[in-house]
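Asker: First, the structure itself, so that you have it in front of you.
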Amino acid sequence: MAVTLYGFWRSLAAFRVRAALNYKGVAFEEKIIDLAKGDQFSASYHELNPQHVIPLLDHDGKHITQSLAILEYINQIWPNNPLLPQDPYQQAYVRSISQITIADTHPLVVPRVRNYLGKTFGQDENSQTAWAQHWLNLGSQAIEERLVNEKLFGKFSLGDQITFADLALASHVVGARIFKADLTQAPTLIAIVDQVLAIESIGKAHPLKQPGAPQLS
Ligand SMILES: N[C@@H](CCC(=O)N[C@@H](CS)C(=O)NCC(=O)O)C(=O)O
């Protein structure tokens, strides 16, 4: 059985997948696609993923893209440490919380969007950062209110079970911290994510702990 994750230290989406593999104890190799150098546009990677994004999971020659689809796949292939509850409403809650980040917030701050703002609309790095902070702040506020209103959280976003939602929220907060977004309005979110990152297998998947990552304060 061969499992290869195509990732990069800074990728928040690859972090979600790396954390799930670690949490389930799946042995894997990580191949670096250096987004800063443009490796995502190489001919060899285009063959694997014509969307030019990471992560991509290769499992015995089967290629899976999109972090949420990869998480669902991992959870079914390796059923230990389940990342989804049984109850349909709770499953919908987990996917819904995950999607606030994966579908609606993170896509607005990825390199191709920031690069487009710079190259096509002449926005400098400060403006691009302000753009990222704006969307991350809206995401944080929405997540905070959903967590508080639904009242399903415990140690983690759904009681004391680690789910996809916790991996998604961890990626959101790590991104918000890298972009120095405002997290003061999201105390519940922060408390949950700090507990998630304290789990060794998940904490060691942190972007800033990967090869090539800078030492950020
Ligand atoms: N919705 C995708 C997002 C994939 C994505 O945009 N990944 C980023 C890194 S976190 C990427 O590869 N960006 C390359 C680029 O923007 O040029 C997922 O969750 O897997």
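Asker: So, of the residues in segment 94-145 that are surrounded by 15 or more Cβ atoms within 10 Å (Cβ to Cβ) and basic (Lys, Arg), which turns out to be nearest to the ligand (Cβ to nearest atom)?
Answerer: Looking at residues that are surrounded by 15 or more Cβ atoms within 10 Å (Cβ to Cβ) and basic (Lys, Arg), I get Arg114.
Asker: On the basis of being free of Cβ contacts under 8 Å to residues at least 24 places away in the same chain, assigned to a helix (DSSP H, G or I) and aliphatic (A, V, I, L, M), does Ala165 make the cut?
Answerer: In short, no.
Asker: Residue pairs, Cβ under 9 Å, 6 or more apart or interchain, first in segment 204-216 and over 19 Å from Val26 (Cα atoms), second of a type in the set (S, T, N, Q). List them.
Answerer: Pairs found: Leu208/Gln215.
Asker: Between residues in segment 105-129 that are under 23 Å from Ile54 (Cβ atoms) and residues that are among the small types (Gly, Ala, Ser) and more than 16 Å from the ligand (Cβ to nearest atom), which pairs lie under 8 Å by C-beta distance while being six or more apart or on different chains?
Answerer: What qualifies is Leu117/Ser127.
Asker: Take the residues in segment 64-77 that are in contact with a strand residue (DSSP E or B) (Cβ under 6 Å, 6 or more places away or on another chain) and more than 9 Å from the ligand (Cβ to nearest atom), then tell me which one is nearest to Gln91 (Cα to Cα).
Answerer: Looking at the filtered set, the residue picked out is Tyr73.
Asker: Anything in segment 107-157 that is outside any helix (DSSP H, G or I), within 26 Å of Ile190 (Cα to Cα) and small (Gly, Ala, Ser)? List them, or say none.
Answerer: Gly154, Ser157
Asker: Is there a residue being closer than 17 Å to Ile202 by Cβ, within 11 Å of the ligand (Cβ to nearest atom) and assigned by TED's automatic domain parsing to the domain that holds Val196 anywhere in segment 44-62?
Answerer: No, because not a single residue in segment 44-62 is closer than 17 Å to Ile202 by Cβ, within 11 Å of the ligand (Cβ to nearest atom) and assigned by TED's automatic domain parsing to the domain that holds Val196.
Asker: For segment 18-40, which positions are part of a helix (DSSP H, G or I) and more than 8 Å from the ligand (Cβ to nearest atom)?
Answerer: Arg18, Ala19, Ala20, Leu21, Asn22, Tyr23, Lys24, Asp39
Asker: While we're on this one: Can you report the number of residues in segment 41-57 which are of a type in the set (Gly, Ala, Ser) and in a helix (DSSP H, G or I)?
Answerer: The qualifying residues number 2.
The values are calculated or read from the model by the stated rules, or taken from the named source; none is laboratory data. Values in this document were obtained by computation on a predicted structure and should not be read as measured data. Cβ: placed from backbone, ideal geometry, glycine included. Neighbour counts: every protein chain shown.
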